[in-house]
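What follows is a set of notes on a single structure, which appears directly below.
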Amino acid sequence: MPRLSRLLTVFVVAAAWSVTAGGQQVKRPAPAAADWAALAKLPDFNGVWELTFGAPGGRGGRRAGPARPSLTPEYAARKNAFDAHPPEDTEAANCLPPGMPGIMGQPYPMEFLLTPGQVTIVIEAYTQVRHIYTDGRALPEDPDLTFHGTSVGRWEGDTLVVDTVGFSPLTELERGVPHGAKMRIRERFRLTDPDTMSIETTVTDPDVLTVPFTSARVLKRHRNWTIAEYVCQENNRNSVDASGKAGINLGKPASATGKQD
């Protein structure tokens, strides 16, 4: 292909991608003083939180309830086949983040930041960031498929109610169980005391689940903590290929400059 034609092709593809990506954007005015004043009246979620373990209800603060999602016969068979011959853990070995809903159950701290029209969750595990939009926008009809999906929240009294749609096919409902195209996640965040937060999560997926699956977690705030740097690939010696075969790099780890010693 002549060089000019190649350049034109690249330009057209880039322009199409820009239009597609821009379709998910919502313009917001700069926050006014009234927006900050309204924010100050909301529950104080700001700060670093960590999942509790050994709390009433079980590990990770989970309360009593169904131990596992109720799968349709097709997906139950797929789960059984997976459990019979499980591959290596591709997420951990290849530094692939779990995405939603698994990322919210990681045993690492997460920081909540409230600003006008948005709640941002900075998750130490895999250095992930979730954006929850509380500016009144609707969920997208044709969302980009991402690890965390698109999250839109609203306040119901002292509870932040969040709906999330649009998940990457690389994420799973649980290990060995892919999600369907119609999966939707609703979370309810609420303070039960000044330094305790409950998160109730309901997963609805008519292609995979016979009924919606609800679980709950409890987080504790650590007011003197900060989020640490988490670079999964740094000194990573493990890998798993597409067929599930594990490998290991026995060479010297990369130095701080990124060069091999």
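Might you let me know whether region 103-116 holds any residue that is assigned to a helix (DSSP H, G or I), in contact with a Pro (Cβ under 9 Å, 6 or more places away or on another chain) and modelled with pLDDT under 90?
no
Does ASP144 fit the bill of being within 28 Å of LYS27 (Cβ to Cβ) and either part of a loop (DSSP other than H, G, I, E, B) or out of contact with any strand residue (DSSP E or B) (no Cβ under 9 Å at 6 or more places or on another chain) (or both)?
yes
Taking the stated definitions as given, is VAL119 buried (at least 18 other Cβ atoms within 10 Å of the Cβ), under 30 Å from ALA30 (Cα atoms), under 13 Å from the mean Cα position of the chain (by Cα) and at pLDDT 95 or above?
Here the answer is no, as VAL119 does not meet what is asked.
Examine region 185-193 for a residue that is under 30 Å from PRO87 (Cα atoms) and not charged (D, E, K, R), and state whether such a residue exists.
Yes, there is a match, as at least one residue in region 185-193 is under 30 Å from PRO87 (Cα atoms) and not charged (D, E, K, R).
Tell me, yes or no, whether region 135-146 has at least one residue that is over 23 Å from HIS179 (Cα atoms) and in contact with a helix residue (DSSP H, G or I) (Cβ under 7 Å, 6 or more places away or on another chain).
No, because not a single residue in region 135-146 is over 23 Å from HIS179 (Cα atoms) and in contact with a helix residue (DSSP H, G or I) (Cβ under 7 Å, 6 or more places away or on another chain).
Considering only residues that are under 19 Å from SER215 (Cα atoms) and among the aliphatic types (A, V, I, L, M), which ones fall in region 141-184?
Within region 141-184, LEU160, VAL161, VAL162, VAL165, LEU173, VAL177, MET183 meet the criteria.
The values are calculated or read from the model by the stated rules, or taken from the named source; none is laboratory data. Computed from a predicted model, the values in this text were never measured in an experiment. Cβ atoms come from the backbone with ideal geometry, glycine included; neighbour counts cover every protein chain shown.
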